[in-house]
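One structure, as structure tokens, below. Some questions next.
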Amino acid sequence: MLKVKTILAFALVAVFLCAASAFAAPIVIKYSHVVAEDTPKGIQANKFRDLVAERLAGKVVVEVYPNSQLFGDGKELEALLLGDVHLLAPALSKFQKYTPLLQIYDLPFLFKDMAAIDRFQQGPNGRALLTSMKDKGIIGLEYLHNGMKQISANDPIRVPADAANKKFRIMTSDVLAAQFEAVDAMPLKKPFAEVFTLLQTKAIDGQENSWSNIYSQKYYEVQPYITETNHGILDYLVVSTTEFWESLPADIRPVIEECLKESIAVGNEAAAKKDLEDKQKIIDSKRSEIITLTEAERGQWVEAMKPVWKKFEDAVGKENLEAAIASNK
Ligand code: SIN
């Protein structure tokens, strides 16, 4: 009799465990970002959500929060570390508080084009930087492109002297501050969500950003001049916390990583396309005049900003700087 009761008890526990796992709540991955949905990052985030929904239905749900609606760029990394969000893709310029090494990406005129950036990011130095914040509990999963940065302003900016004494919004990076100080301009670190209003009200004179952001944030509607400088890059690092990433079940994490890689390829494709298309839309709008620099004018910018490399050489690592320079060949 005792034996029958024991078998029954085991059977009941087994049924209960099966039912519990069948009804287990899915893992929720909250992915927050600050840009619009029709941008390289917005497209990547939504693609990642859709791929996960397809391949891990009922097991994992990705919730995407665009346009700073959950957290702005001033708070998102803190929110990640508190576990209030699980995935972010901040611009590489926004990690200064957690590592000096990623500031390599802010050095002006360091990378000649996106292909050079790709070579550096996929090479040993770029890959090693993914784990540069591990001691802070942040893990870099993959890079994501946006594009080269241009300078928009209220007045025509052709040579460095035109930028002198003007206020430019920058991301939270001391390298970007030094870059504008090198041409006697006044850099102001401000959150992305505030930039349009600051430009519209003329509280600042200009800003630097990719064609995609200048278009999707409508800066071109309130900035009559855009100088095509290609002086720096706007790229992202998709990050999570080591704690959250390592807590993902062993059969699920590889699938999520695969979805992430595929979505990044889609985001990068969108970045290359939007860089051309969004620039053209701005030209077609006739709201903003695009200034193309002559070789000599561009040379003045390179010359004026070059000392910034030396200033940050120790912070970013001499070997990283050498590898970045070599990626241009
Ligand atoms: C972003 O593209 O995520 C924001 C860039 C910026 O803050 O200018």
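The values are calculated or read from the model by the stated rules, or taken from the named source; none is laboratory data. Owing to the predicted nature of the structure, the values given are computational and were not obtained by experimental measurement. Every residue, glycine as well, gets a Cβ built from its backbone with ideal geometry; the counts of neighbours run over all protein chains shown. Calculation scope for accessible area: heavy atoms of the full protein, side chains included, ligands and nucleic acids excluded. Shrake-Rupley method; radii C 1.70, N 1.55, O 1.52, S 1.80 Å.
For (1) more than 23 Å from K30 (Cβ to Cβ); (2) in contact (Cβ under 8 Å) with a residue 60 or more places away in the chain, each residue gets a yes or a no:
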| position | (1), (2) |
| --- | --- |
| A203 | yes, no |
| Q207 | yes, no |
| A250 | no, no |
| P254 | no, no |
| E262 | no, yes |
| G267 | no, yes |
| A270 | no, yes |
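A further question on this structure: If I filter the stretch 289-311 down to residues being among the aliphatic types (A, V, I, L, M) and assigned to a helix (DSSP H, G or I), which single residue comes out as farthest from the chain's Cα centre (by Cα)?
A296
The rows are residues; the columns are (1) outside any helix (DSSP H, G or I); (2) open to solvent by less than 10 Å² (accessible area, probe 1.4 Å).
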| position | (1), (2) |
| --- | --- |
| R119 | no, no |
| I139 | yes, no |
| I151 | yes, yes |
| I157 | yes, yes |
| R169 | yes, yes |
| E208 | yes, yes |
| S212 | no, yes |
| Y220 | no, no |
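Please determine, by comparing only the residues of the stretch 65-111 that are among the hydroxyl-bearing types (S, T, Y) and under 26 Å from L321 (Cα atoms), which one is most open to solvent (accessible area, probe 1.4 Å).
Ranking the candidates gives Y98 first.
For the stretch 31-52, enumerate the residues that are within 14 Å of the ligand (Cβ to nearest atom), open to solvent by less than 60 Å² (accessible area, probe 1.4 Å) and over 20 Å from T241 (Cα atoms).
Selection gives V35, A36, T39, P40, G42, I43.
Now, a different point. Restricting the first residue to the stretch 314-329 and requiring it to be on the phi > 0 side of the Ramachandran plot, which pairs with a second residue that is surrounded by 13 or more Cβ atoms within 10 Å (Cβ to Cβ) and assigned to a helix (DSSP H, G or I) meet a Cβ separation below 7 Å and a spacing of at least six or different chains?
What qualifies is G317/L101.
Kindly indicate the residue of the stretch 277-290 that is without any contact (Cβ under 8 Å) to a residue 40 or more places away in the chain and not β-branched (V, I, T) and also nearest to A53 (Cα to Cα) among those meeting that condition.
By that ranking, first place goes to E277.
Continuing with the same structure: Which ones in the stretch 53-78 are touching a residue at least 24 places away in the same chain (Cβ under 8 Å), more than 15 Å from the ligand (Cβ to nearest atom) and not basic (K, R)?
L56, G58, V60, V61, V62, E63, listed by residue number.
If you don't mind, there's one more thing I want to ask. Out of curiosity, is L129 open to solvent by less than 20 Å² (accessible area, probe 1.4 Å) and within 15 Å of the ligand (Cβ to nearest atom)?
For L129, the condition - open to solvent by less than 20 Å² (accessible area, probe 1.4 Å) and within 15 Å of the ligand (Cβ to nearest atom) - is not met.
Another one. With respect to I256, is the statement that it is in contact with a Lys or Arg (Cβ under 7 Å, 6 or more places away or on another chain) and crowded, with 19+ Cβ neighbours inside 10 Å true?
no
Let me ask something additional. Of these, A203, A161, A182, which one is more than 14 Å from the ligand (Cβ to nearest atom), surrounded by fewer than 22 Cβ atoms within 10 Å (Cβ to Cβ), more than 20 Å from the chain's Cα centre (by Cα) and closer than 18 Å to G74 by Cβ?
Step by step, each of A203, A161, A182 is checked, and only A203 is more than 14 Å from the ligand (Cβ to nearest atom), surrounded by fewer than 22 Cβ atoms within 10 Å (Cβ to Cβ), more than 20 Å from the chain's Cα centre (by Cα) and closer than 18 Å to G74 by Cβ.
What are the residues in the stretch 291-306 that are in contact (Cβ under 8 Å) with a residue 12 or more places away in the chain and more than 17 Å from A164 (Cα to Cα), if any?
Residues satisfying the conditions are I291, T292, L293.
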